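A short write-up of the structure that comes next.
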Amino acid sequence: MPHEWVNYKSLRAEVSFIEILHHYGVELKERGEQWQGFCPLPTHEGKRQSPSLSVNVGKGIWQCFGCGAKGNLIEFATRMAGLNPANPDNFRKAALLLQKMFGGHDGGAREKPKAVPKEEARKRNAQDDLEDDPTVVVNAPLDFELQRLEYDHPYLREREFTLETIKMFGLGYCHRGLMKGRIAIPLHDKEGALIGYAGRIVEEEAIGKDTPRYLFPGSRERNGTRHEFRKSAFLYNGFRIANPSQLVVVESFTDVWWLTQAGITNVVALMGSSCSDMQAALLRDLVPEEGSIWLLPDGDKAGERMAEETLVLLAQHRFVRLVKLEEGQQPTDLSPEELRQRLVVPESP
């Protein structure tokens, strides 16, 4: 007896992710097309301490930043049914179930549940879109490391970073390749695997339209798969954080180095003046419910925007406190004593 035909691509376009969520009783907080909440997957490992599931109901894709699972709406339904999406028979079984429950294969048109205005959702989630493309891998581990970096470079030492701090973060001046003329900054995922390098240009006068202050990893092809780095799905220094009672969030790499050198080690950077939905989910996942998040942005307009965005995303989930700096001031302008005083970090015994 021939198998019933399933067109997976058409099914993904036809079925509403909202209906799937309702069918399985999954309650998420709606913001445009990006919905968030606690991960309901039966395969989720570890405690569900924060809303780590992010679903784009418009694109029909999802990701859990707690257990690491992600995929399209068929894969979500497969897992919710207690099946394995990596098993072709399991995947097909779940697809057939969706087709029978929600698919309009009788040729009749049906109205899908409404989300929110798409224009507003696009603006909010422009950096957070997940690729529904199996040939794209985001923030994947590298299979090489930069060699012969100059650790004891004047750029770092003149800014009063100790050799211990420089080596801790693996920093070094690069004399060749794409990072030539820059301080190479290793980027590690939450498991500690190296996923790329950022590069901070040393000569300030060289900064321009074609020479940005910071250079981030570009797209690369490997065995038919495109690898991409997305800072909107990444927290710098996040892999060193483990259930902190207090987590400090800053804008830049140098802020992380400076605070760490001052003895404030539970600190991560957004690598910019905006906080994406994904980064907010990662922050919530790092900090237990009884913990607190302290925002330490630069004392400028961009810092104000960073604080406003992050507060909106986190205030309903964790205790959040804003530490305001004077106009034009940056965290690196504060001494270790001033930092500890402003952040109410107790002195070591």
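The values are calculated or read from the model by the stated rules, or taken from the named source; none is laboratory data. Everything numeric here is computed off the predicted structure, so don't read it as measured data. When we count neighbours, we look across all protein chains shown, and the Cβ atoms used for this are built from the backbone with ideal geometry, even at glycine. Just the protein is used for accessible areas: all its heavy atoms, side chains included, with ligands, DNA and RNA removed. Shrake-Rupley method; radii C 1.70, N 1.55, O 1.52, S 1.80 Å.
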Given the condition crowded, with 16+ Cβ neighbours inside 10 Å and either of a type in the set (Lys, Arg) or closer than 21 Å to residue 322 by Cβ (or both), answer yes or no: does some residue in segment 204-222 qualify? no
Whichever residue in segment 164-181 is of a type in the set (A, V, I, L, M, F, W, C) and in contact with a helix residue (DSSP H, G or I) (Cβ under 8 Å, 6 or more places away or on another chain) and, among such residues, is surrounded by the most Cβ atoms within 10 Å (Cβ to Cβ): 171
Residue count for segment 274-298, restricted to those that are open to solvent by 30 Å² or more (accessible area, probe 1.4 Å) and polar (S, T, N, Q): 1
Of (1) within 21 Å of the chain's Cα centre (by Cα); (2) open to solvent by less than 20 Å² (accessible area, probe 1.4 Å); (3) at pLDDT 85 or above, residue 50 satisfies all except one. Which? (3)
Applying the selection to segment 315-349, what residues are modelled with pLDDT under 90 and open to solvent by less than 40 Å² (accessible area, probe 1.4 Å)? 345
So, in segment 223-252, of the ones that are polar (S, T, N, Q), open to solvent by 70 Å² or more (accessible area, probe 1.4 Å) and in contact (Cβ under 8 Å) with a residue 40 or more places away in the chain, which residue ends up farthest from residue 318 (Cα to Cα)? 243
Among the residues of segment 165-214, write down those that are in contact (Cβ under 8 Å) with a residue 60 or more places away in the chain and of a type in the set (Ser, Thr, Tyr). 165
For residue 29, which of the numbered conditions (1) open to solvent by 50 Å² or more (accessible area, probe 1.4 Å); (2) in contact with an Asp or Glu (Cβ under 8 Å, 6 or more places away or on another chain) fails to hold? (2)
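Is it true that residue 32 is of a type in the set (Gly, Ala, Ser) and more than 16 Å from residue 285 (Cα to Cα)?
Against the criterion (of a type in the set (Gly, Ala, Ser) and more than 16 Å from residue 285 (Cα to Cα)), residue 32 qualifies.
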Elements of type helices (runs of 4 or more DSSP H) contained in segment 201-314, each with 1 or more residues being closer than 22 Å to residue 66 by Cβ: 277-286, 301-314
Testing residue 271 on (1) more than 21 Å from residue 139 (Cβ to Cβ); (2) open to solvent by less than 20 Å² (accessible area, probe 1.4 Å), one condition comes back false. Which one is that? (1)
Quick one: residue 184 ticks every box in (1) within 23 Å of the chain's Cα centre (by Cα); (2) surrounded by fewer than 18 Cβ atoms within 10 Å (Cβ to Cβ) bar one, so which box is it? (2)
So, in segment 55-71, exactly how many residues are over 14 Å from the mean Cα position of the chain (by Cα) and open to solvent by 30 Å² or more (accessible area, probe 1.4 Å)? 2
